[in-house]
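To keep things clear, I will list the structure first and then write my remarks on it.
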Amino acid sequence: MKKRLLSFLLTALLTAGSLAGCAAPAESVPPSTSTQVSSQPEAVSSIPSGASEEFSQEPSSSVFTPGSSSEAVSQDTPSSAPEEDTQNTGGPIVYMTSEITPESLVAIYEALGASPSGNIAVKLSTGELGSNYLRTDLIGDLVRSFDSPTIVECNTAYGGSRANTAMHYQVAEDHGYTAIAKVDIMDENGSMTLPVAGGDNLKENYVGANFANYDYYVVLSHFKGHTMAGFGGAIKNISIGIASSQGKGHIHSGGTGGSMWGGDQDAFLESMAEAGKSVVDYLDGNILYINVMNRLSVDCDCDGNPSEPDMHDIGILASYDPVALDQACVDLVYSAPDGQSLIQRMESRNGIHTLEQAEKIGLGSRSYQLVNIDG
């Protein structure tokens, strides 16, 4: 009897020890990859080689992988989100189609139920020669559907073919944009200043002087990688994209006014979010966002010699919340079987930190509901 009791106690102790040694299941993290990204291209020769060095920071939060249209994460929607774009739970709606055609681009815009009026600006990147900028055969029908639209852009701050207004208008013509709408290089007359509320780095943002001439902004972005930011989508388009040449330098320096290159990486990423919020605050709801996920290179359209994409096209997404929209695009890259190169680019630049800062300062929500309109 004593032997049986001793055996029972020994077994119980061993079992308890085994259970105590089992760690809780690890939180899922984005897959890592050793795929090499390209170096800074020759076309942007004024950017020093140090700008393309790998950064060591890792994303500080796990990534939500979207599935069906009813999936959502539990974070609260910020009060600044448009009422028509949210429900009581789940966060802002992000619409998606896997079709990348002129018809599907119009359809996803219509899914938003927007009614823009007044002087309508279509903000896109005109792109360097040889880049993966959005082609007019894809976007032309949507742009022409607006009443007297204007495609708007600002000059670059790093050289290239769009560094001054005359050259930039020529690129817009060469890329076919002047054939589908009026084009306005908004900083051809300098900058105007927007206040930045709640920023950690910026107190003011410098945008093109013509920014205030428009009543409603349709932000049409090509989602892709970026040499400095890790990725570029809606937030980059309303921050760096709407910033004047002066403002681009201000954002890149993290608000210090110092060098655009080699400064504090997180300060640059945070400054993009802060500049974007100043734009959204000024427009007071008169803005919407569409991201096209095609030609998914690790390099931006400000790169005249981008790496050839090595992953498949994903689709078109749209929302009234730029943070939710960019987060959904990031999540789709992580869930793609061939997204390793772009994941590497995003993680090496700590690109997710832009979204973290954007949510922190109230630009939008990283929570969202993904609604597929393909039926």
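The values are calculated or read from the model by the stated rules, or taken from the named source; none is laboratory data. Remember, predicted model here, so these are calculated numbers, not experimental data. For neighbour counting, all protein chains shown are included, and Cβ atoms are generated from backbone atoms with ideal geometry for every residue, glycine included.
Give me the residue from the range 339-375 that is hydroxyl-bearing (Ser, Thr, Tyr) and in contact with a strand residue (DSSP E or B) (Cβ under 9 Å, 6 or more places away or on another chain) and, out of that set, nearest to Asn201 (Cα to Cα).
Start the filter on the range 339-375 by keeping residues that are hydroxyl-bearing (Ser, Thr, Tyr), which leaves 341, 348, 354, 365, 367-368.
The next check asks that each one be in contact with a strand residue (DSSP E or B) (Cβ under 9 Å, 6 or more places away or on another chain); those that pass are 341, 348, 354, 368.
Details: Ser341: 30, Ser348: 22, Thr354: 13, Tyr368: 27 Å.
So the residue we want is Thr354.
For the range 167-188, how many residues meet the condition of being closer than 20 Å to Ala243 by Cβ and not charged (D, E, K, R)? Walk me through it before giving the result.
Let us first name the residues in the range 167-188 that are closer than 20 Å to Ala243 by Cβ, namely 167-169, 171-172, 177, 183-188.
After this cut, where a residue has to be not charged (D, E, K, R) as well, the list is 167-169, 171-172, 177, 183, 185-186.
Qualifying residue count for the region: 9.
Scan the range 353-367 residue by residue and report those that are in a helix (DSSP H, G or I), closer than 21 Å to Gly90 by Cβ and not acidic (Asp, Glu). It would help to see each step written out before you state the result.
Our first condition is that a residue be in a helix (DSSP H, G or I); within the range 353-367, this holds for 353-360.
With the extra rule that they be closer than 21 Å to Gly90 by Cβ, the set shrinks to 355-356, 358-360.
Leu355, Ala358, Lys360, listed by residue number.
Being under 20 Å from Ala229 (Cα atoms), within 14 Å of the chain's Cα centre (by Cα) and polar (S, T, N, Q) is the filter here; which residues of the range 298-331 pass it?
Keep residues of the range 298-331 that are under 20 Å from Ala229 (Cα atoms), which gives 298-311, 321-331.
From what is left, the residues that are within 14 Å of the chain's Cα centre (by Cα) are 298-301, 321-331.
Across the range 298-331, the qualifying residue is only Gln327.
Whether any residue in the range 296-305 is surrounded by fewer than 19 Cβ atoms within 10 Å (Cβ to Cβ) and either among the hydrophobic types (A, V, I, L, M, F, W, C) or in a helix (DSSP H, G or I) (or both) is what I want to check.
So far as the range 296-305 goes, no, none of its residues is surrounded by fewer than 19 Cβ atoms within 10 Å (Cβ to Cβ) and either among the hydrophobic types (A, V, I, L, M, F, W, C) or in a helix (DSSP H, G or I) (or both).
Going through the range 101-133 one residue at a time, which ones are modelled with pLDDT of 95 or more, of a type in the set (A, V, I, L, M), closer than 21 Å to Glu153 by Cα and surrounded by fewer than 22 Cβ atoms within 10 Å (Cβ to Cβ)? Spell out the reasoning first.
Here is the first cut: in the range 101-133, the ones modelled with pLDDT of 95 or more are 101-128, 131-133.
Remaining after also requiring of a type in the set (A, V, I, L, M): 105-108, 111-112, 114, 120-122, 124.
Subset that is closer than 21 Å to Glu153 by Cα: 105, 120-122, 124.
Across the range 101-133, the qualifying residue is only Ile120.
Based on this model, can you work out whether Asp281 counts as surrounded by fewer than 24 Cβ atoms within 10 Å (Cβ to Cβ), in contact (Cβ under 8 Å) with a residue 40 or more places away in the chain and not in a loop (DSSP other than H, G, I, E, B)? Before you say what the answer is, go through the steps one by one.
Values: surrounded by fewer than 24 Cβ atoms within 10 Å (Cβ to Cβ): yes; in contact (Cβ under 8 Å) with a residue 40 or more places away in the chain: yes; not in a loop (DSSP other than H, G, I, E, B): yes.
Considered against the rule, which asks whether it is surrounded by fewer than 24 Cβ atoms within 10 Å (Cβ to Cβ), in contact (Cβ under 8 Å) with a residue 40 or more places away in the chain and not in a loop (DSSP other than H, G, I, E, B), Asp281 comes out as yes.
So is Ser62 more than 14 Å from Leu288 (Cα to Cα), of a type in the set (Ser, Thr, Tyr) and either within 19 Å of the chain's Cα centre (by Cα) or modelled with pLDDT of 50 or more (or both) or not? Write out each step before concluding.
Numbers: more than 14 Å from Leu288 (Cα to Cα): yes; of a type in the set (Ser, Thr, Tyr): yes; either within 19 Å of the chain's Cα centre (by Cα) or modelled with pLDDT of 50 or more (or both): yes.
So Ser62 fits the description; yes.
Among the residues in the range 319-341, are any free of Cβ contacts under 8 Å to residues at least 24 places away in the same chain and part of a loop (DSSP other than H, G, I, E, B)?
Our first condition is that a residue be free of Cβ contacts under 8 Å to residues at least 24 places away in the same chain; within the range 319-341, this holds for 337.
Narrowing the set further to residues that are part of a loop (DSSP other than H, G, I, E, B) leaves 337.
Looking through the range 319-341, at least one residue is free of Cβ contacts under 8 Å to residues at least 24 places away in the same chain and part of a loop (DSSP other than H, G, I, E, B).
Residue check: is Ala121 under 22 Å from Asp284 (Cβ atoms) and not in a loop (DSSP other than H, G, I, E, B)? Break it down stepwise before answering.
On the way: under 22 Å from Asp284 (Cβ atoms): yes; not in a loop (DSSP other than H, G, I, E, B): yes.
Yes.
Six or more apart or on different chains, Cβ atoms under 6 Å: show the pairs whose first residue is in the range 134-151 and touching a residue at least 12 places away in the same chain (Cβ under 8 Å) and whose second is of a type in the set (Ser, Thr, Tyr) and crowded, with 19+ Cβ neighbours inside 10 Å.
These pairs meet every condition: Leu142/Tyr109; Ile151/Tyr177.
Going residue by residue through the range 240-248, is there one that turns out to be in a loop (DSSP other than H, G, I, E, B), out of contact with any Lys or Arg (no Cβ under 9 Å at 6 or more places or on another chain), touching a residue at least 12 places away in the same chain (Cβ under 8 Å) and crowded, with 24+ Cβ neighbours inside 10 Å? Before the answer, list the steps.
Taking the range 240-248 as the starting set, the residues that turn out to be in a loop (DSSP other than H, G, I, E, B) are 240-242, 244.
In the following step, the residues that additionally are out of contact with any Lys or Arg (no Cβ under 9 Å at 6 or more places or on another chain) were identified as 244.
Those still in the list that are touching a residue at least 12 places away in the same chain (Cβ under 8 Å) too: 244.
Filter again for crowded, with 24+ Cβ neighbours inside 10 Å, leaving 244.
Yes.
Exactly one of (1) surrounded by 23 or more Cβ atoms within 10 Å (Cβ to Cβ); (2) in a loop (DSSP other than H, G, I, E, B) is unmet by Gly258. Its number?
(1)
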